[in-house]
Amino acid sequence: MQLFNLTAEEREQLLPSGQASYIQSRTGWAKTYLKKAGLVSQPKRAFIQITDRGRAVLSQNPDRIDGKFLHQFEEFKGFISRSGERQEVDVVQMLPVGSQTPEETIEQGFIALRSQLADELLDQIKRCSSYFFERLVVDVIVAMGYGGTQRDAARATQRSNDGGIDGIIKQDRLGLDTIYIQAKKWEGSVHRPEIQKFAGALQGVRARKGIFITTSAFSEGAREYVASIDSKIVLIDGAELTQLMIDHGIGVNPHQIYEIKRLDSDYFADF
């Protein structure tokens, strides 16, 4: 890593899943492909050794060693054929010929699918009634661990007509503290005056915690106002709401599950 002059931030940058760093992922796949091509060997755990073929390749001073370059070796082509023999896709096209490893490709695809789902969710929410939206908000909050039981949380959707407060929900199962909710279906941005009204409503009931949830977005002035007051008000816009719904399984169902397994080195520790 010192050879490439990577900064500490670059060395620690994680994949979107947070399970590994880019360096770990790319180094691991580079080792795998070089080994399959016969350019390096692994005589024992945590040791990598260049082979005679690897030295011969280096002596040619190639401009780039990537998946396309390695495809000249029969062992590597055999590995690729075995990887794709049960699939209709060309696995060679999925190799990290450029700057991405298979994990990165999968994760980027996952992010794209998640983004598409979030857009679909938000469109669907905007077509729902205001009453259904309030129910949805409660479902999300309960799924996050707030609100006690679902029956307790249901009371939050009862219209209180209490000066900008749409409902009240327990912060914990014992009801030691409460959170006041404002849930609004909006098209345009929510500006500071609306948040000020909500903050005033909280003061009217001697509350210090609230959640303002909207299907749209919050203006910069609204966010600056929340940061400047004593009351703790959390702003959740439409984009964040859909992410919470996906994370906690509200309004979505699993479609396909892919399980990626790795070698259990501990199992072979005494080998």
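The values are calculated or read from the model by the stated rules, or taken from the named source; none is laboratory data. Bear in mind the structure is a predicted one, so any value in this text is a computation, not a measurement. Note that we place each Cβ from the backbone using ideal geometry, even for glycine, and neighbour counts take in every protein chain shown.
Couple of notes before you dig in:
- Taken over the stretch 223-248, the criterion of being assigned to a helix (DSSP H, G or I) and hydroxyl-bearing (S, T, Y) is satisfied by Y225, S228, T242.
- When residues of the stretch 209-235 are limited to those that are polar (S, T, N, Q) and touching a Phe, Trp or Tyr at 6+ places or on another chain (Cβ under 8 Å), the one surrounded by the fewest Cβ atoms within 10 Å (Cβ to Cβ): S216
- Contact map, the stretch 50-71: residues that are free of Cβ contacts under 8 Å to residues at least 12 places away in the same chain paired with residues that are β-branched (V, I, T) and surrounded by fewer than 10 Cβ atoms within 10 Å (Cβ to Cβ), Cβ distance under 9 Å, separation 6+ or inter-chain. No pairs are found.
- Looking across the stretch 48-78, the residues that are over 35 Å from the mean Cα position of the chain (by Cα) and not in a helix (DSSP H, G or I) come down to Q49, I50, T51, Q60, N61, P62, D63, Q72, F73.
- Residues considered: R192, R173. Of these, the only one that is surrounded by fewer than 21 Cβ atoms within 10 Å (Cβ to Cβ), farther than 20 Å from V226 by Cα and either in the same structural domain as R208 (by TED's automatic domain parsing) or at pLDDT 70 or above (or both) is R173.
- Residue in the stretch 223-239 that is under 16 Å from Y146 (Cβ atoms) and not hydrophobic (A, V, I, L, M, F, W, C) present: yes
- Among (1) surrounded by fewer than 18 Cβ atoms within 10 Å (Cβ to Cβ); (2) assigned to a helix (DSSP H, G or I); (3) not hydroxyl-bearing (S, T, Y), the one test that F198 misses: (1)
- Residue count for the stretch 1-47, restricted to those that are at pLDDT 80 or above, of a type in the set (A, V, I, L, M, F, W, C), exposed (fewer than 13 other Cβ atoms within 10 Å of the Cβ) and part of a loop (DSSP other than H, G, I, E, B): 1.
- Any hit, the stretch 216-229, residues being among the β-branched types (V, I, T) and within 12 Å of I181 (Cβ to Cβ): no
- Failed condition for A156, given (1) modelled with pLDDT under 70; (2) exposed (fewer than 14 other Cβ atoms within 10 Å of the Cβ); (3) part of a helix (DSSP H, G or I): (2)
- Looking only at residues of the stretch 236-270 that are among the acidic types (D, E) and loosely packed, with under 10 Cβ neighbours inside 10 Å, we find that the one that is nearest to F218 (Cα to Cα) is E259.
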